[in-house]
1. Looking at the range 230-246, I want the residues that are outside the structural domain of residue 213 (by TED's automatic domain parsing) and have a partner that is in a loop (DSSP other than H, G, I, E, B) and modelled with pLDDT of 90 or more with Cβ atoms under 9 Å, at least 6 apart or on another chain. Which pairs are those?
2. Has the range 112-135 got at least one residue that is at pLDDT 70 or above and surrounded by 11 or more Cβ atoms within 10 Å (Cβ to Cβ)?
3. In this structure, does residue 254 turn out to be outside the structural domain of residue 325 (by TED's automatic domain parsing) and under 26 Å from residue 324 (Cβ atoms)?
4. Do we find a residue being crowded, with 18+ Cβ neighbours inside 10 Å and more than 25 Å from the chain's Cα centre (by Cα) anywhere in the range 217-228?
5. Suppose we filter 250, 234, 178 for residues that are closer than 28 Å to residue 71 by Cβ and not in a helix (DSSP H, G or I); which single one remains?
6. So residue 235 fits all but one of (1) on the phi > 0 side of the Ramachandran plot; (2) within 22 Å of the chain's Cα centre (by Cα); what number is the exception?
7. Just to be sure, is residue 250 out of contact with any helix residue (DSSP H, G or I) (no Cβ under 8 Å at 6 or more places or on another chain), surrounded by fewer than 18 Cβ atoms within 10 Å (Cβ to Cβ) and at pLDDT below 85?
8. Taking the options 230, 237, name whichever one is touching a helix residue (DSSP H, G or I) at 6+ places or on another chain (Cβ under 9 Å), at pLDDT 90 or above and closer than 30 Å to residue 97 by Cβ.
């Protein structure tokens with residue numbers, strides 16, 4: 001006959017097996033309806049981001065509907081001003097960069113050829129820059145009706161998805177209470193307050209991540225633009241904006257951002273290319289040891305291995321947009337794991353390796369559980 005401890009352990013084993021099968025089934029369903037899930041995730045992310053200033057306006061006495069319209073109007077105004085100020089320069093530099101593309105491709109081939117010779121590889125597949133340009137022009141301006149139809153259908157689909165995301169975001173931000181109450185009502189009445197607290201924790205986590213990431217991108221973009229301008233690399237503003245944008249992608253973004261300026265610097269002298277590499281190395285060092293501790297100290301901090309697997313999984317499921325969503329999604333998953341799973345594991349016994357002091361006598365039980373919860377999770381979800 002099983003005792004209470006054996007019965008609890010058996011239930012936990014069956015629960016774990018059920019969760020594994022549920023995750024596998026959910027992954028299959030997500031893969032089958034990837035576009036719908038992607039639109040839903042983007043809507044949720046934008047709703048959380050836009051809700052921050054709307055919450056502030058509501059705290060100041062402005063209604064959520066009026067606040068939502070004001071925030072969207074201010075966002076469009078800022079984008080319009082930035083576009084008017086920077087669009088001529090960016091457009092000119094982009095057209096000049098397109099004209100420089102053949103030379104840029106030759107530099108890339110020359111660099112690859114040198115690396116090939118240094119590594120002792122005997123096979124080389126070259127590309128003619130003029131043929132590449134001609135192929136690109138023929139692809140975009142050719143008479144293939146199927147290509148035009150496919151491109152048109154793709155553009156129409158993207159526009160429809162954007163419209164859905166914008167409209168759903170406006171309604172979600174303007175009236176979040178019915179959505180939250182409807183979701184919370186799916187849980188037992190005695191656990192609904194706990195569900196609301198978990199949702200609030202997830203909400204604050206995503207907002208902190210976005211604010212920290214936005215500040216980091218802005219600083220990297222400014223530093224990259226200034227560095228490239230001082231070195232004398234052409235199209236410094238365009239490349240600086242590109243560096244700031246791709247820094248949104250952890251680990252991979254900095255590696256991508258250095259390639260175009262290095263190839264452009266090779267048009268001048270190899271010394272300029274070395275200066276570019278050195279400048280970007282210094283910027284990444286500043287970002288890692290100064291920007292991250294100052295700006296991201298209260299934002300999301302995840303272990304690099306966890307982030308890499310999140311990038312791999314989301315990139316496989318949703319492509320490039322999935323890579324952009326990987327970090328906030330894994331941060332939310334971390335909150336769920338800490339709140340829903342690790343607390344149950346802590347309740348099964350006492351960790352002999354725990355080094356945290358015992359909480360004072362009389363401290364409420366939720367705080368005790370919170371200490372154990374955070375202690376067990378931080379080793380995995382903090383670098």
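1. From the range 230-246, no pairs qualify.
2. Yes, because at least one residue in the range 112-135 is at pLDDT 70 or above and surrounded by 11 or more Cβ atoms within 10 Å (Cβ to Cβ).
3. Yes: the conditions hold for residue 254.
4. Yes, some residue in the range 217-228 is crowded, with 18+ Cβ neighbours inside 10 Å and more than 25 Å from the chain's Cα centre (by Cα).
5. Of 250, 234, 178, the one residue that is closer than 28 Å to residue 71 by Cβ and not in a helix (DSSP H, G or I) is 250.
6. Result: residue 235 fails condition (2) only.
7. no
8. After applying the criteria, what remains is 230.
The values are calculated or read from the model by the stated rules, or taken from the named source; none is laboratory data. Just so it is clear, the model here is predicted, and its values are computed rather than measured. In this analysis, Cβ positions are derived from the backbone assuming ideal geometry, glycine residues included, and neighbour counts consider all displayed protein chains.
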